[in-house]
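Once you've had a glance at the structure underneath, I'll fire off some questions.
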Amino acid sequence: MQPKQVLLHARAVVLSSVVALFATPALVVGAAADSVTAAPLVSAAAPAALPPHPESFYDQVTRGVVRLEHYDIVERAGSDVVEYVGHSDGTGFFLLFGRDLYLATARHITEAKYDLQARVTVQKRGTDENEVIDLHIPHGAWVDHPRGVGVGAGGARVAAVDVAVARVPWPKDRLVKAVGYCPSPCTSGVINQFAQSDPEPPTIALVFGFPLDLGFKLAEQRPMARMGVIAMVAGESFLQSEGVFVEERVRLVDAQMFPGNSGSPMFSYPIGTQGFELLGLITGANESFNYAVAEPVSRIAETLEAVATTAVSATASWHPLDGGDGFPRMKPH
């Protein structure tokens with residue numbers, strides 16, 4: 001009997017056979033496209049001196065890593081009340097490439113034929129005040145990695161690269177935390193926080209995401225950290241799922257993951273004063289042996305460069321959390 005691998009999004013599909021701060025490392029902070037700072041996971045127009053209360057790395061992660069959700073419209077017989085009940089689909093995280101903002105996640109999360117939303121903690125420009133606003137990502141806004149389903153040795157099907165990215169407009173007068181990307185040679189002024197090469201065993205990795213059903217609920221969304229080790233790189237399509245092989249660059253990570261972790265960013269560890277590096281993103285896990293599967297950072301970079309030049313049929317948009325603009329709001333869950 002083969003061990004089971006689970007795609008780590010909210011629907012928990014089961015398969016047969018997985019920045020630098022000031023005083024502390026920080027993610028690049030950006031605001032409107034005309035004022036993106038060159039600093040990493042830091043705020044736009046960052047002061048030259050240390051702020052009196054610099055954000056911890058985890059505080060920055062709570063602003064740069066988000067839970068991706070969709071909602072169901074619930075109508076009760078005999079009532080005029082309509083509720084929008086939210087359901088978690090997985091995890092996403094922001095990227096800064098050039099002067100543009102992007103959101104990355106696992107491709108299988110975006111394949112469902114419905115739109116996704118995320119409640120994002122942003123900082124008001126010119127203040128230290130945080131607020132939560134909604135990001136709406138239409139299904140047509142996502143761009144997949146250029147490599148789709150292929151054919152391997154002996155005619156076996158090889159799965160598509162499990163990475164998708166959407167371009168996101170800058171929210172007006174708000175600062176967003178993002179992981180900076182600038183291919184070498186870098187000319188945009190953005191500090192590159194992507195690892196220069198894909199991680200090899202036994203690199204230690206730190207994963208932040210939104211697993212489901214942990215036995216408790218929080219009034220405020222917070223990503224959970226998990227630590228693991230890059231355990232294996234096969235260099236070939238080696239992991240089989242119902243006759244389809246996972247592509248050859250994926251990494252096996254010795255770390256326990258849960259449904260909801262798909263799309264979680266994987267960072268280098270330890271997080272030091274010199275910052276951190278993005279190593280990849282989680283795409284699945286094995287239930288029996290407690291290992292995860294991750295697409296390496298090179299696949300994220302390839303997708304990001306593709307989306308920057310690809311036309312899409314829809315555009316992401318920002319909305320107030322209170323629903324004052326008439327945009328449907330999800331009922332907290």
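The values are calculated or read from the model by the stated rules, or taken from the named source; none is laboratory data. The model shown is predicted, which means the values in this text are computed figures rather than measured ones. Note that each Cβ is placed from the backbone with ideal geometry, even for glycine, and that neighbours are counted across all protein chains shown.
Which of the residues spanning the range 132-154 are modelled with pLDDT under 90 and either part of a helix (DSSP H, G or I) or closer than 17 Å to Pro171 by Cα (or both)?
Of the residues in the range 132-154, the ones modelled with pLDDT under 90 are 147-154.
Result: Ala153, Gly154.
Yes or no: the range 131-151 includes at least one residue that is of a type in the set (Lys, Arg), farther than 16 Å from Ala306 by Cβ and either in contact with a strand residue (DSSP E or B) (Cβ under 6 Å, 6 or more places away or on another chain) or surrounded by 13 or more Cβ atoms within 10 Å (Cβ to Cβ) (or both).
The answer is no; no qualifying residue exists.
Do any strands (runs of 3 or more DSSP E) entirely within the range 76-130 hold 1 or more residues that are modelled with pLDDT under 85 and in contact with a His (Cβ under 9 Å, 6 or more places away or on another chain), and if so, which?
So the answer is 82-97.
Within the range 169-189, how many residues are closer than 12 Å to Leu304 by Cβ and surrounded by 22 or more Cβ atoms within 10 Å (Cβ to Cβ)?
The total comes to 4.
How many of the residues making up the range 184-211 are under 12 Å from Ile230 (Cα atoms), in contact with a Leu (Cβ under 7 Å, 6 or more places away or on another chain) and aliphatic (A, V, I, L, M)?
Qualifying residue count, the range 184-211: 1.
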